[in-house]
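Right, one structure below, let's go through it.
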Amino acid sequence: MLPGYSKRVGQPLTVNRQLPTAILGKPKYLPHYTVTDYQQWSGDWELWEGVAVAMTPSPFGKHQKAITRLAQMLLNELDRVQCEDCEVAVELDWIIDTDLVVRPDISLCCGSNIDKYIESPPKFIAEVLSQSTQIKDRTAKFDLYAKEGVKYYAIVDLDGDSQCYELQSSRYEKRPNGAIELQLSHDRAISIDLQKL
């Protein structure tokens with residue numbers, strides 16, 4: 001086994017790092033995994049350009065409370081506007097490509113039924129920052145979600161300022177703090193306030 005690498009039975013060979021290849025680059029000697037491989041692994045993983053990235057254990061306390069509150073906010077708003085075309089998913093895989101799978105904290109998907117995983121870009125994604133994910137959430141996922149056409153991306157910072165971004169001409173523009181309107185369709189919008197988390 002190469003130094004700095006690990007392999008457990010039923011799991012892929014991984015580099016002991018948490019940042020995706022978009023940040024660190026991909027050495028030529030690493031295996032290139034696909035969704036087919038990914039679906040057979042045990043444990044929690046994301047797949048970035050064919051590289052297995054181990055997810056940190058689920059955080060407790062305020063992180064989980066924030067995810068629960070935000071999911072409830074979204075569900076209440078969907079009920080308020082009587083929207084049956086959108087679904088809220090919590091920590092559900094989004095298979096973007098044959099070698100790219102991510103698991104957002106919260107996804108709001110419109111226009112398609114979610115079965116086993118998310119298949120098309122969500123309308124809204126929120127990532128609640130933790131010590132171990134904040135760099136990835138602010139950089140690699142920020143860029144990925146814009147590239148994939150996620151209309152709204154919220155970065156929830158429970159120890160600082162939470163921000164929401166809206167996709168404008170293929171790049172994210174910061175929205176003002178306070179109540180944020182999310183346009184779901186030409187005649188339907190919901191409102192959330194990240195500062196209340």
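The values are calculated or read from the model by the stated rules, or taken from the named source; none is laboratory data. All values derive from a computational prediction rather than experimental measurement. Virtual Cβ from ideal backbone geometry, glycine too; neighbours counted across all protein chains shown.
The set of residues in the stretch 143-197 that are of a type in the set (Gly, Ala, Ser) and surrounded by fewer than 19 Cβ atoms within 10 Å (Cβ to Cβ) comprises 146, 149, 160, 169, 170, 178, 179, 185, 189, 191.
Against the definition (surrounded by 20 or more Cβ atoms within 10 Å (Cβ to Cβ) and either in the same structural domain as residue 190 (by TED's automatic domain parsing) or polar (S, T, N, Q) (or both)), how does residue 93 come out, yes or no? For residue 93, the condition - surrounded by 20 or more Cβ atoms within 10 Å (Cβ to Cβ) and either in the same structural domain as residue 190 (by TED's automatic domain parsing) or polar (S, T, N, Q) (or both) - is met. The sole residue among 114, 135, 106 that is modelled with pLDDT of 95 or more and assigned by TED's automatic domain parsing to the domain that holds residue 155 is 106. Of all the residues in the stretch 105-118, those that are touching a residue at least 24 places away in the same chain (Cβ under 8 Å) and surrounded by 14 or more Cβ atoms within 10 Å (Cβ to Cβ) number 7.
For the criterion of being within 16 Å of residue 67 (Cβ to Cβ) and either β-branched (Val, Ile, Thr) or assigned to a helix (DSSP H, G or I) (or both), residue 137 passes.
Just one of the listed residues (126, 189, 154) is part of a strand (DSSP E or B), in contact (Cβ under 8 Å) with a residue 40 or more places away in the chain and over 14 Å from the mean Cα position of the chain (by Cα), namely 189.
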